[in-house]
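Below is one structure, written out as structure tokens; comments come after it.
The values are calculated or read from the model by the stated rules, or taken from the named source; none is laboratory data. None of the values given here were measured: they were computed from a predicted structure. Cβ: placed from backbone, ideal geometry, glycine included. Neighbour counts: every protein chain shown.
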Amino acid sequence: MPKIGRIRLVALRAPSPHPVATAFGAMDSRPALLVEIEDTHGARGLGEIWCNFPRHGLESRFHLAADHLAPWYLGRDPADPPALVHAATAAVRRLAIQSGEQGAFANVIAGFDCALWDLLARRAGVPLARLLGGELRPLPAYGSGINPGDPLAEIAGARTRGFRIFKLKLGFPQDDRNLCAVSAELRDDERLLADANQAWEVEEARARLQELAAFPLDWIEEPVPADLPPSVFAELAAVSPVPLAGGENLASPEAFEAMIAARALAVVQPDVAKWGGISLCRRVARRAMAAGLRCCPHSLGGGIALLHSAHLLAAVGGDGWLEVDVNPNPLREGLVPFAGCDERGRIAHSARPGIGVDPDPAFLSAFRVMETEIA
Ligand SMILES: [Mg+2]
């Protein structure tokens, strides 16, 4: 059986003339850390490692992957990615604790897992969603990352690309003004979501959630810090007129299970590039859907992560929506084969094997910060 024979890491950074604002800080550039895994028979797969924060997250995860994870993966059989997620996590457990870098290690393992799934799908000659037991279908998508500065203009831009669902950033002094303006402009077939990015303390959230009832929101995401106990989210959900969403900052099977069991989140949002990869996020998605909850995979990075997220959603089925960042980002626009939605606000899938793209080396070199190969 072929083994993992070569691992290439490519750190990319694109300028962001239009910083993405969140309640805890802005992204003034757009990073993407790509991992390409090749087996000893020449089959290759691509993954992306989440690295949006802090600003040096790209460089730190690059070194962490090159020094500690890539050597561990080399020579292993790629056939069982879920087993490798667990084994890799166990292998670096003590180092992750000692360094306080549990999140960064989890991000790297997630990206490696995505690359392995892409490799297996390409080796089988089928789109990743099909290898995962699903079917290719147009995916209902929502336009994410609508900033607080001029949300009407950003929504108008997303609308021209076919989006019918928009997610507005909250946690700013102008929240109510923005919500009023955006709600008033919303068309009959359009929907609005909001993301507080953990902005509020519990008492403040309790009050804000009541006030948000005035607006036509399908969900409010992460109203409070994501490390609060599920019981706090459940208590907020019980009094909130707007359904709660979250999951991008949960990082263990137990954390997701506790949130799902407590019925604290109506919408569960695992991020394949951030924790668990395809292997564990697929389990979370299935568990959430079995509990009657909606799964809308989280993604706000480069194009490779978005494609993995799309294949996960296509694979698990259900009524989830695909999160698509509408902010300019060459590392998304230059890598994904779709530029907009169809007339029903859906995004089409490529029928090519794996995630369906092979980045142009010249394109990558234009944004490359660092690159290394472990073989
Ligand atoms: Mg969010």
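Determine, yes or no, whether residue 134 is touching a helix residue (DSSP H, G or I) at 6+ places or on another chain (Cβ under 7 Å) and farther than 13 Å from residue 279 by Cβ.
Considered against the rule, which asks whether it is touching a helix residue (DSSP H, G or I) at 6+ places or on another chain (Cβ under 7 Å) and farther than 13 Å from residue 279 by Cβ, residue 134 comes out as yes.
Going by the structure shown, is residue 153 of a type in the set (A, V, I, L, M) and more than 16 Å from the chain's Cα centre (by Cα)?
So residue 153 fits the description; yes.
Just to check your reading of the model, which residue among 66, 87, 70 is closer than 26 Å to residue 119 by Cβ, away from the ligand (no atom under 16 Å from the Cβ), outside the structural domain of residue 334 (by TED's automatic domain parsing) and out of contact with any strand residue (DSSP E or B) (no Cβ under 9 Å at 6 or more places or on another chain)?
87
Does residue 153 satisfy being in a helix (DSSP H, G or I) and closer than 26 Å to residue 51 by Cβ?
Here the answer is no, as residue 153 does not meet what is asked.
Confirm whether residue 223 is within 14 Å of the ligand (Cβ to nearest atom), in a loop (DSSP other than H, G, I, E, B) and free of Cβ contacts under 8 Å to residues at least 60 places away in the same chain.
So residue 223 passes the test.
Scan 30, 6, 55 and give me the residue that is within 30 Å of residue 196 (Cβ to Cβ) and not in a loop (DSSP other than H, G, I, E, B).
30
If we scan the stretch 192-210, do we find a residue that is assigned to a strand (DSSP E or B) and small (Gly, Ala, Ser)?
Yes, the conditions are met somewhere in the stretch 192-210.
Going by the structure shown, is residue 87 at pLDDT 95 or above and surrounded by fewer than 18 Cβ atoms within 10 Å (Cβ to Cβ)?
yes
Does residue 222 satisfy the criteria of being outside the structural domain of residue 105 (by TED's automatic domain parsing), in contact with a His (Cβ under 8 Å, 6 or more places away or on another chain) and not basic (Lys, Arg)?
Against the criterion (outside the structural domain of residue 105 (by TED's automatic domain parsing), in contact with a His (Cβ under 8 Å, 6 or more places away or on another chain) and not basic (Lys, Arg)), residue 222 does not qualify.
So in the stretch 297-321, with the set limited to residues that are over 11 Å from residue 269 (Cβ atoms) and within 15 Å of the ligand (Cβ to nearest atom), which one is surrounded by the fewest Cβ atoms within 10 Å (Cβ to Cβ)?
Looking at the filtered set, the residue picked out is 301.
When the stretch 179-207 is examined, which residues are found to be more than 22 Å from residue 295 (Cβ to Cβ) and either in the same structural domain as residue 26 (by TED's automatic domain parsing) or within 16 Å of the ligand (Cβ to nearest atom) (or both)?
Across the stretch 179-207, the qualifying residues are 199, 200, 205.
Filter the stretch 227-250 down to the residues that are crowded, with 18+ Cβ neighbours inside 10 Å, within 16 Å of the ligand (Cβ to nearest atom), assigned to a loop (DSSP other than H, G, I, E, B) and over 18 Å from the mean Cα position of the chain (by Cα) and list them by number.
242
Among the residues of the stretch 156-178, count how many are more than 22 Å from the chain's Cα centre (by Cα) and within 16 Å of the ligand (Cβ to nearest atom).
The qualifying residues number 2.
When only residues in the stretch 282-294 that are within 22 Å of residue 89 (Cβ to Cβ) and either of a type in the set (Lys, Arg) or within 15 Å of the ligand (Cβ to nearest atom) (or both) count, which is surrounded by the fewest Cβ atoms within 10 Å (Cβ to Cβ)?
Going through the qualifying residues, I end up with 286.
Pick from 123, 137: which is at pLDDT 95 or above and under 25 Å from residue 314 (Cβ atoms)?
The unique qualifying residue is 123.
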